[in-house]
Amino acid sequence: MSVPAALAPFLPGGRPAAPPGGRRPRHVHSPRVRRLASDRGVSLDRIAGTGPLGRVTVADVGRAATTAESPSAAVAIESRKLRTSVAEVEVTRLARTTDLLASVVESAVQALRAVSGAATAASRPVLRVHAPDGPHREVVNAHDLSVSGLRRTLDDASAVPAHEGEPSGATLAVHDLRGTGLLFDLPVLAGGELVALSVGDAVDRPAVVALPDGGRGIGMGTFVHLALTVDEHAAGTDAAVLLTQVRQRLEAHDRRAS
Amino acid sequence: MAQLSYRDAVARGIAQEMRRDERVVVVGEDIAGAGGVFKTTVGLLDEFGPKRVLDTPISEQAILGAAMGAAMTGLRPVAEIMFSDFFAVCWDIVVNQIAKTRYMTDGQVSLPLVIKTGNGGGLRFGAQHSQSIENWAMAVPGLKVVTPSTAEDVVGLMAAAIRDEDPVIFCEHKGLYASKGEVPDGEIVDSLGTAKIRRPGRDATILALGMMVPRALAAAEDLATRGIDAEVIDVRSLVPLDTRTILGSVARTGRLFTVEENPQLLGWGAEIASIVADEAFWDLDGPVQRITTPHIPLPSADSLEDLVMPSAESVASTVEKALQS
């Protein structure tokens, strides 16, 4: 059927298929390709794309990564260097929402990604959350999830829980101590874990707080303690640096919470 | 297991619940003696009698006002708005009364009622009798919104809607009433808030609702002959929404398409695109694309209505073009 040209943009599929300005892809690297390249430690500039209009495809990144990863790249970690750091973080606003645990988890996952090298296990950490009473949960795609996505995943009662004693593939363990009255414990690394983080009970106490007029005063604040143990050899970072990143990210979440 | 039409499945679902629970009643225009203008309530009057199956005057406000009062005082009514377009004349009672009562009474009064309605186009009924109004309803806090695409889902989701403690807008696609499907014997109770993967695939995720589901499936079969393996998800329930199934599929395929029988502006696919952008951005291997009607009322003429509705061909060509650009 012939359709007047003026009507075309209003028909299904009638939006211009090609981007303006000629045959160049609208985006050279999709988010999925960028994430995969970052995870596999591959530079996208060096890959000739085989996709439509020369786009780099997921398969291209996979091939480039396989070529780059020679057997000698594998480093055997013989010794472990464990260290624990503890920090107190204000979560006055977050504590009033349902996002506190998800925000801590997101901060830990993204901090670990930020400080560890690409192509390491830490850049795609398998997450295991140990709850005081409830089931333990494993999340394999935590690095892909936002705070709301993590909350949904951790809250989902239909998710298959990980059982205590099961061999765990986790690289990041989060011990949720909320509700126990404990401020923190010194988490021990189990199995293949690189990092373990304990989240203590949230405590209300008077503190020096920022006032709306920009000054400082005494007010009520809510605080949690984070204790982080890391295998500094295997993770390629030290506990203080990593925990500082976690704290800064969590404080940023707290400032945004309402 | 028997073949059942989508329209007969509506009556079967309601009858199943009326036998189980004597509080379930049905009200609407011509739903009793005539068995419904679309024949979706045939047999209910004979089996359950005029006290539980009630014809009403031609007044959508009266139908829903009666249903609301009945729900407030202990019944579980199923009210029919014959054409979903007519929600426009009774939105006050739906939006300001039915949807808000549980909230405004601090949970003291719940409204377990179902508003069933003939929805959607493709039948040459013209601009005032063909609209898909899911996106109107899903914008209102307090309403649940479901649209089944198969006879089996009609029975199971109707049962779930009637058993729910909150108001549910139950959209029956008029263009599917004559379609038939296998329906298991015995009681069927489904879950609101669950999507179904109708066809698994690796290369792209296609979300569809109501009559767009069979069209998306036909498009997927067509795409398969050209080497594209598309996954088709029947969304079924917009509120609550099964984000787990949708996000899981996008994580596998990296591409998302929605097939919507409504204009693009603020259609249900926009909300899903927003959720995917928030929670699955790094899974995306290309832009989310929505296949919708144009921003005009649905035309009456056969040729024009066919032109503006998403078709298997337009879905297949959009997906194919997107995967090649």
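The values are calculated or read from the model by the stated rules, or taken from the named source; none is laboratory data. Every value quoted in this text rests on a predicted model; they were computed, and no experiment measured them. We place every Cβ from the backbone using ideal geometry, glycine too, and count neighbours over all the protein chains shown. Ligands, DNA and RNA are excluded from the accessible area calculation, which covers all protein heavy atoms including side chains. Shrake-Rupley method; radii C 1.70, N 1.55, O 1.52, S 1.80 Å.
Annotations
- For chain B, the longest principal axis of the Cα atoms and the long axis of helix B:312-323 meet at an angle of about 40 degrees.
- Applied to segment A:209-214, the Karplus parametrisation 6.51 cos²θ - 1.76 cosθ + 1.60 on θ = phi - 60° returns per-residue 3J(HN,Hα) values of 10, 7, 9, x, 7, x Hz, with x for Gly and Pro.
- Extent along principal axes [Cα atoms of segment B:2-183; Å; largest to smallest]: 45, 37, 29
- Evaluated over the Cα positions of segment B:182-259, the convex hull gives a direction-averaged projected area, one quarter of its surface, of 5.6 nm².
- Note on the protein assembly as shown: Cα Rg divided by 2.2 N^0.38 Å, N the number of residues, gives 1.12.
- Think of it as helices only: each DSSP H run of n ≥ 4 in chain B is worth -39500 (n - 2.57), and spread over all residues that comes to -10000 deg cm²/dmol at 222 nm.
- 21 Å Cα-Cα threshold exceeded, pairs from B:39/B:180; B:39/B:116; B:51/B:100; B:39/B:196: B:51/B:100; B:39/B:196
- Additional length obtainable on full extension of the chain from residue B:266 to residue B:324, 0.36 nm per residue less Cα span: 18.2 nm
- Our coupling estimate for segment A:249-258, obtained by passing each phi through the Karplus curve with A = 6.51, B = -1.76, C = 1.60 and θ = phi - 60°, is 5, 5, 5, 5, 4, 5, 5, 7, 6, 9 Hz, Gly and Pro reported as x.
- For chain B, the longest principal axis of the C-alpha atoms and the axis of helix B:212-224 are separated by about 20°.
- Accessible surface of the protein assembly as shown [probe 1.4 Å, protein heavy atoms]: carbon and sulfur percent: 55
- Among B:251, B:301, B:160, residue whose mean-square fluctuation peaks in a GNM of chain B (springs only between Cα atoms under 10 Å): B:301
- With θ taken as phi - 60° and the Karplus curve 6.51 cos²θ - 1.76 cosθ + 1.60 applied, the whole-hertz 3J(HN,Hα) list for segment B:93-110 is 6, 6, 7, 8, 10, 4, 6, 9, 5, 4, 5, 6, 9, 6, x, 6, 10, 9 Hz, x standing for glycine and proline.
- Of the residues making up segment B:268-299, those losing 40 Å² or more of accessible area when the isolated chain is joined by the remaining protein chains, with a 1.4 Å probe, are B:279, B:282, B:283, B:285, B:287, B:294.
- For segment B:122-192, convex hull of alpha carbons as volume per residue, Å³: 88
- Cα-based radius of gyration for segment B:23-91, normalised by 2.2 N^0.38 Å, reads 1.03.
- Two-site FRET efficiency, residue B:300 against residue A:110, from Cβ-Cβ distance with R₀ of 56 Å, rounded to 0.05: 0.55
- Computed with a 1.4 angstrom probe on protein heavy atoms, the A-B interface buries about 2400 square angstrom of accessible area in total.
- Computed across segment B:121-247, the Kirkwood radius stands at 15.5 Å (inverse of mean 1/r, all Cα pairs).
- Translational diffusion coefficient of segment A:82-256 (Stokes-Einstein, Kirkwood radius from Cα pairs, 20 °C, 1.002 mPa s): 131 µm²/s.
- Prolate/oblate/rounded call for chain B, Cα gyration tensor, a/c under 1.5 rounded: prolate
- DSSP assigns beta bridges within the protein assembly as shown; of those with both partners inside it, close to 45 percent run antiparallel.
- Relative contact order for chain B: 16 percent, from Cα pairs under 8 Å spaced at least 6 residues apart, divided by residue count.
- Computed accessible area, residue A:63, all protein chains, 1.4 angstrom probe, square angstrom: 130
- Here segment A:223-242 is scanned for amide nitrogen atoms under 17 Å from the site 7 Å beyond the Cα of residue A:248 along Cα-to-Cβ, giving A:237-242.
- Value of relative contact order over segment B:2-183, rounded to a whole percent, pairs C-alpha under 8 Å and six or more apart: 28
- Percent of Cα-Cα distances greater than 20 Å, calculated over segment B:196-323: 39
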